[in-house]
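Inspection log for the structure reproduced underneath, given as structure tokens.
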Amino acid sequence: MSDLTSDTDLWDREAQTFDEAADHGLADPECHEAWRTLLLEHLPPAPARVADLGCGTGTLALLLAEAGYAVDGLDFSPEMVRRARAKAGDVVRFVDGDAAVPPLEPASYDVVLSRHVLWAMPSPSDALTRWTELLRPGGRLLLVEGSWSTGAGLTAEQTITLVEQSGREAHLRRMPEPVFWGREITDDRYLVVSPG
Ligand SMILES: C[S@@+](CC[C@H](N)C(=O)[O-])C[C@H]1O[C@@H](n2cnc3c(N)ncnc32)[C@H](O)[C@@H]1O
């Protein structure tokens with residue numbers, strides 16, 4: 001069994017209960033509105049073309065499609081993609097594929113968005129190179145990441161360094177507010193925006 005296959009199996013299992021976390025399912029209207037406001041504050045005006053890499057069950061992709069964006073969601077877990085299609089398949093195009101080498105058209109997106117996926121890439125630096133190649137001139141990168149109490153993740157400093165090493169600017173917006181997570185948090189969660 002390849003590592004990729006064992007990873008997809010792991011995420012297939014995670015998919016069963018994925019939307020139960022407040023920030024995943026966005027079932028609470030205040031939490032949904034907090035994410036909507038945050039993302040729209042940093043996106044170009046709709047309509048614009050967005051690639052959501054490692055889109056999971058498609059919650060953010062749907063939120064953006066409802067706000068008028070043309071969204072392609074990509075994930076390598078068949079169960080995540082099945083759930084995403086059931087949730088948003090009529091307004092979002094979902095693609096099965098590896099975010100490390102996304103099978104999407106280069107230079108064709110205004111925004112590459114990825115939440116909690118860069119940390120899981122075998123080489124975050126190589127992945128970022130591929131991700132920025134998807135952007136049109138002037139396109140922007142939005143990375144939601146964290147350095148979690150479990151020890152997993154990327155620190156804000158690591159993410160900023162990765163973006164800057166790709167030759168781009170990086171702006172940090174820390175996200176300590178409980179409204180994003182459905183509870184108080186003690187670890188470091190944040191958004192890094194890299195404008196075009
Ligand atoms: C923590 S979840 C985040 C899901 C979604 N971005 C969100 O925030 O709701 C990580 C997601 O990345 C996907 N993923 C991890 N490694 C991947 C890879 N190499 N290619 C595509 N998807 C990947 C998993 O299947 C999972 O859906």
Put +1 on the Cβ of each Lys and Arg and -1 on the Cβ of each Asp and Glu in the chain; which of SER125, PRO45, ALA15 then has its Cα farthest toward the positive end of the dipole? PRO45
Accessible area in square angstrom per residue, the chain, 1.4 angstrom probe: 46 Å²
Equivalent-ellipsoid semi-axes (√(5λ), Cα gyration tensor) for the range 46-132, whole Å, largest first? 19, 15, 10
Taking the alpha carbon gyration tensor of the range 1-91, what are the square roots of 5 times its eigenvalues, largest first, to the nearest whole Å? 24, 15, 11
Out of the DSSP beta bridges found with both residues in the range 8-128, what percent are antiparallel (nearest 5)? 0 percent
For SER6, project a label point 7 Å along Cα to C-beta. Then give me every residue of the range 100-144 with its amide nitrogen under 18 Å of that point. 120-123
Percent antiparallel among DSSP beta bridges confined to the range 91-196, rounded to 5, stands at 65 percent
Output ³J(HN,Hα) for the range 108-118: one whole-Hz value per residue in order, computed from phi by the Karplus curve 6.51 cos²θ - 1.76 cosθ + 1.60 with θ = phi - 60°, and x for Gly and Pro. 10, 10, 7, 9, 10, 10, 8, 10, 6, 10, 4
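On average over all directions, what projected area in square nanometres does the chain have, based on the convex hull of its Cα atoms?
Working: hull surface 40.2 nm².
The number I arrive at for the chain is 10.0 nm².
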Using alpha-carbon coordinates alone, the radius of gyration and Dmax of the range 104-165 in Å work out to 11.9, 37
Can you give the relative contact order of the chain as a percent, counting alpha carbon pairs under 8 Å and 6+ residues apart? 18 percent
Only Cα pairs within less than 10 Å get springs; with that Gaussian network setup on the chain, which residue of THR129, THR161, THR37 has the largest fluctuation? THR37
Against the rule of thumb 2.2 N^0.38 Å, how large the Cα Rg of the range 66-106 comes out: 1.16
When the gyration tensor of the range 79-188 is built from Cα positions, what are the square roots of 5 times its three eigenvalues, in whole Å, from largest to smallest? 23, 20, 13
Most mobile of ARG173, ARG85, ARG140 in a GNM of the chain (Cα contacts under 10 Å): ARG173
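Before rounding to the nearest 500, sum -39500 (n - 2.57) across all DSSP H runs of length at least 4 in the chain and divide by the residue total; then give [θ] at 222 nm in deg cm²/dmol.
-10500 deg cm²/dmol
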Working out 0.36 nm times the residue gap between VAL101 and ALA86, then minus their Cα-Cα distance, what length gain in nm do you get to one decimal? 2.9 nm
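The values are calculated or read from the model by the stated rules, or taken from the named source; none is laboratory data. None of these values were measured; they are calculated from a predicted model. Here the Cβ is made from the backbone with ideal geometry for all residues, glycine too, and neighbour counts use every protein chain on show. Only protein heavy atoms, including side chains, enter the accessible area calculation; ligands, DNA and RNA are left aside. Shrake-Rupley method; radii C 1.70, N 1.55, O 1.52, S 1.80 Å.
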